[in-house]
Amino acid sequence: MVHRRPGLRVVIGVAGWLLAGMTLAADAKSQAPHGSVVIKRDNYGVPSIYADDTYSLYYGYGYALAEDRLFQLESTRRSSQGRAAEVFGASYLEKDRDVLTNYDPETLRPQLAALKGEHRLAIDGMVAGINARIRDVLADPDRLLPKQFKDFGFQPERWTDIDVPMSWVGQLLFRFSDYTSQISNTALLSELIAAHGDVEGKKIFATLRWRDDRSSPLTVQIEDQESGRAGKPGRAFKPAEMSSLKPLSPAAAMAEASQSINLWGGTGPDRTPHSSNTWLVNRSRLVDADAVLVSGPQVGDHVPSMIWSASLHGAGLDATGMTYPGLPYLHFGTNGTIAWGRTALAGSIIDVYQEQLNPANPHQYRFKGKWVPMTKRTVTIKVRDGQPVTLDLYSTVHGPVIAFDDQNRTAYAKRRSWAGRELESMFAYYDEMKAQSFSEWSAAIARKSNNQNQYYADRDGNIAYIQAGRYPIRPKDFEIQLPTPGTGEREWLGFQPAADNARVMNPKRGYIANWNNRPSIDVLNTDTLLWSKLNHVDAITRQFDAKPKLTVAEVWDVNRTASYASEQQPYFVPLLRAAVANEAADSRARIVAEAIIGWDGQEDDAARSGRYTSPGVAAYYEWMATALTRFYSRDIPKKYLTGCGGAGSSLNCPWGQPLGAQVLYFALAKGEGGTLIPPFDFLHGEAPAEFIRATLAEADKALSARYGADPSVWLLETKPKTWSPLSPAEVPWSSPDEKIVSKPNQKRGSMNAMYVFKNGKVSMCDATPPGQSGFIAPDGKPDPHYRDQQQLYTSFDCKSRPVTAAEVEASTVSRRELKF
């Protein structure tokens, strides 16, 4: 029996923390000084907000945000706090349970109470501005209430101060800094041992969850680290034998997998974010500028975008950029002196502890020789058209209990390095907007506990990178890929100093490139994203390495080639070429191989015919699907071989940059280029060249049956890029009929922005599809800026963003002053 979700009981009532929060926000508004703010919007609807004090500035910021994204603000607040079922119905009850099991919003109360100065004023002003817009909307709903509220049958409610940091926690921490594969790894290891025995099962596991491929592309190059340009090497984790862990029951594994799917859309390392990119260039590699930063964060493609644009002017801020709806700062941007960006990083800041439970009391756990009672909290979830549901949830000294395993008398608790430091991290981003130098910027980065790659450029022509995050120092016998015994013997020993995190300023090669790849040579794989030689960042670096210097236009155009580039094909081409070198010209295996070899790796549709231009696309992915299935089918349980589209880490999905293809490459390359040699032989003694020829022949049969024997007609239908009406949390973000589909797929950021520094000044351009506004009027008429950046984005163009006061004034097409 598993009781991850304890027994439910029906209650009637409203959660007390909600009422308290509403009162607090109302009090803050009533005590705030009266003021005014001016909102200027340009011809793409982007607001520039001007005020003399922080409260007024953020009042305007909140109001403008709610004008553009009121429904999305409501969706974010509810999905982050386990309140989706209250308005969207019982189908969201399980998701709400998992959110509340995973995190307690009440932990933010002491941090909120301690806020002071401009940070406190920013939250209070933002909440007041959002509520002012809600007040105006509800006073005139026939004209101002977004159609999505009408479609889903509810109205927005007033914001409270806790809603701002919880929106940040939900969109930043839950999504990018809270995922772990330690329990799913335990389930995989258990199944492999059961099928193959202890020795072989562990070899297979070590092959699938490799620790260190020394050929992995780096963000901080070895020569920069050795020269002292990079920070001190981090402390590498070393695998150890974990003999003190109790087994994981299948029921507990399924319960945790269900939670993982509800929170992050799937299980296993392939679910870790790995689709964002950024590149920076300094004057040593530029023809016509001093420094360039191109930002391509992939946070999901949604209608409207997960990214909202604005600029803030006044009260010590002068920043232009973009952010997620609900965050009190600009997540990407420039202040005229510096520019900043970021991508997700799979650095290890989360551990799951296996708690040993008291046989006489399942809510007591063993810690340092004593039975310790779990902390209990009771929450109520309202359900639209249904009865409220009450849950009893538990936590230990390590954190929230995310799963119980009654069969083995254990429970699993999640420890986070960012816990208790949420607001400090959030306002480090705020203070980053004010930095005027690398030292000020890096001081702000050092306060962030969540794991991210951070990028910097400035008007002096400098470019830099820092691996941000608060990384635990673990004992020597700590196994990072599996849960850890929670009895007190393997507790964290402290935290790595921020100065030891990987970093580089003005690297020798003159550029920095990242596609969620490995930060530096001393940072090893953990339980989440597994780095190897195969990494999409090479689609960027190949272009930089091809020319000694680039123009600004060429730096921007790197995106076009990189967006269509296959993540895998360039690595397998040499292996295919060698395998068929001695085959007859009319050999069908050779014909398929030559179709792949002759393809330039671009997944493009130049004629816009609905099919890829090259037959090599169909040939490659048919071969890869065939090879993966044959490679794994003898040794891996069928549940891990479900093709593409499943919720788990399917080893035989050929598309993207999946784990399965990387392990296949290890086996076929046999250490070529310094890549690792896996401990288990999935080929079972078959020579790599023989395996390649056999799978090419098998692929030929499938291709010939589908298209005919002539390779020139093997033209695969293009894959689409879809802008979804659901948020990354899989709750409504807009109405179902708002979905947008474009072909062919472009593998790139959800938006793209470029910052160019030249002669002490910065210029900026960006494209954030579909458009600035998500507003659709009750009569169904969309805002003029609902979709006016879609074509801009898909054609790899961008719009100029005003940065200086003169540029803002020149671009202003509407002006509104709010007094309060």
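Here, each number is a calculation from the coordinates, and none is a lab measurement. Bear in mind the structure is a predicted one, so any value in this text is a computation, not a measurement. Neighbour counts run over all protein chains shown; Cβ positions are idealised from the backbone, glycine included.
With the dipole of the chain worked out from charges on the C-beta (+1 for Lys and Arg, -1 for Asp and Glu) around the Cα centre, which of PHE544, ALA498, VAL87 lies farthest toward the positive end?
In the chain, that residue is ALA498.
Could you tell me what % of all Cα pairs in the range 517-630 have separations over 26 Å?
That fraction is 34 percent.
Would you work out the charge dipole size for the chain about its Cα centre, treating the Cβ of every Lys and Arg as +1 and the Cβ of every Asp and Glu as -1, and quote it to the nearest 20 debye?
Rounded to the nearest 20 debye, it is 900 debye.
If you average the alpha carbon positions of the range 176-202 and of the range 749-775, how far apart do those two centres end up, in angstrom?
Each part's Cα centre sits 43 Å from the other's.
At a Förster radius of 35 Å, what calculated FRET efficiency corresponds to the Cβ-Cβ distance of ARG366 and PHE152, to the nearest 0.05?
So, using R0 = 35 Å, E works out to roughly 0.15.
Figure the gain on full extension for HIS34 and LEU138 (residue separation times 0.36 nm, minus the Cα-Cα span) and round it to one decimal in nm.
Fully extending the segment from HIS34 to LEU138 adds 35.2 nm.
With +1 assigned to the C-beta of every Lys and Arg and -1 to the C-beta of every Asp and Glu, and no other charges, what is the dipole magnitude of the range 745-819 about the Cα centre in debye, to the nearest 20?
Values: 11 positive and 8 negative charges, 41 e Å.
Dipole about the Cα centre, nearest 20: 200 debye.
Pulled fully out, how much extra length does the chain show between GLU489 and ALA553, if you take 0.36 nm times their separation in residues and subtract their Cα-Cα distance? It would help to have the intermediate numbers written out before the result.
Values: separation 64, 0.36 × 64 = 23.04 nm, distance 5.63 nm.
Extending this stretch completely gives an extra 17.4 nm.
Quote the relative contact order of the range 742-820 in percent (integer), defining contacts as alpha-carbon pairs under 8 Å separated by 6+ residues.
It rounds to 26 percent for the range 742-820.
Select from GLY60, THR804, THR484 the residue farthest towards the positive end of the dipole of the chain; place +1 on Cβ of Lys and Arg, -1 on Cβ of Asp and Glu, and compute about the Cα centre.
Positive-most Cα among the choices belongs to THR484.
Gap in Å between the Cα centre of the range 719-739 and the Cα centre of the range 673-716?
36 Å
What Rg and what Dmax come out for the range 702-820 when only alpha-carbon atoms are used, in angstroms?
Reported Rg and Dmax, both Å: 20.6, 74.
Hey, can you list the DSSP H helices of the chain whose Cα span along the axis is 30 Å or longer and whose average Kyte-Doolittle score is at least -1.0?
117-139
Using the beta-carbon distance between GLU424 and ASP500 and R0 = 22 Å, what value does 1/(1 + (r/R0)^6) give for FRET efficiency, to the nearest 0.05?
Working: r = 19 Å, r/R0 = 0.88.
Efficiency for this residue pair is about 0.70.
May I ask you to derive the relative contact order of the range 645-761, considering only C-alpha pairs under 8 Å and at least 6 residues apart, and to give it as an integer percent?
So the answer I get is 12 percent.
Could you tell me which label, among (1) 35; (2) 8; (3) 26, carries the value of percent of Cα pairs over 55 Å apart calculated for this structure?
Step by step, percent of Cα pairs over 55 Å apart for this structure corresponds to label (2).
List the trypsin sites (Lys or Arg not before Pro) within the range 664-725 that DSSP assigns to loop and that have no more than 16 neighbouring Cβ atoms inside 10 Å. The partial results should precede the final answer.
Details: sites: LYS670, ARG693, LYS701, ARG706, LYS721; in loops: LYS670.
Taking the range 664-725 and a limit of 16 other Cβ atoms within 10 Å, the loop trypsin sites (Lys or Arg not before Pro) found are LYS670.
Go ahead and run the numbers for FRET between ALA709 and THR794, Cβ-Cβ distance against an R0 of 41 Å, rounding to 0.05. Before the final figure, lay out the partial values.
Details: r = 35 Å, r/R0 = 0.86.
After rounding, the FRET efficiency stands at 0.70.
Sort 604-612, 193-201, 457-465 by packing, meaning the average of other beta carbons within 10 Å per residue, with the highest value first.
Packing order, densest peptide first, comes out as 457-465, 604-612, 193-201.
Stretched out fully, how many nm does the piece from GLU686 to ARG214 gain, at 0.36 nm a residue minus the Cα gap?
This chain segment gains 167.4 nm when fully extended.
If you count the DSSP beta bridges with both ends in the chain, what percent of them are antiparallel, to the nearest 5? Spell out each step's value before the answer.
Values: 100 of 108 bridges.
Once the DSSP bridges in the chain are tallied, antiparallel ones form about 95 percent.
Dipole of the chain (Lys/Arg Cβ +1, Asp/Glu Cβ -1, origin at the Cα centre): which of PHE154, VAL592, SER395 lies farthest to the positive side?
SER395
Would you mind calculating the relative contact order of the chain from Cα pairs under 8 angstrom and at least 6 residues apart, reporting the percent as a whole number?
Working: 1808 pairs, mean separation 168.5, N = 820.
Relative contact order of the chain: 21 percent.
Translational diffusion coefficient, Stokes-Einstein: compute it for the range 637-729 using the Kirkwood radius over C-alpha pairs as Rh, at 25 °C and 0.890 mPa s, and state it as an integer in µm² s⁻¹.
Translational diffusion coefficient: 150 µm²/s.
What is the magnitude of the charge dipole of the range 693-779 about its Cα centre, with +1 placed on the Cβ of each Lys and Arg, -1 on the Cβ of each Asp and Glu, and no other charges, expressed in debye to the nearest 20?
Dipole size: approximately 480 debye.
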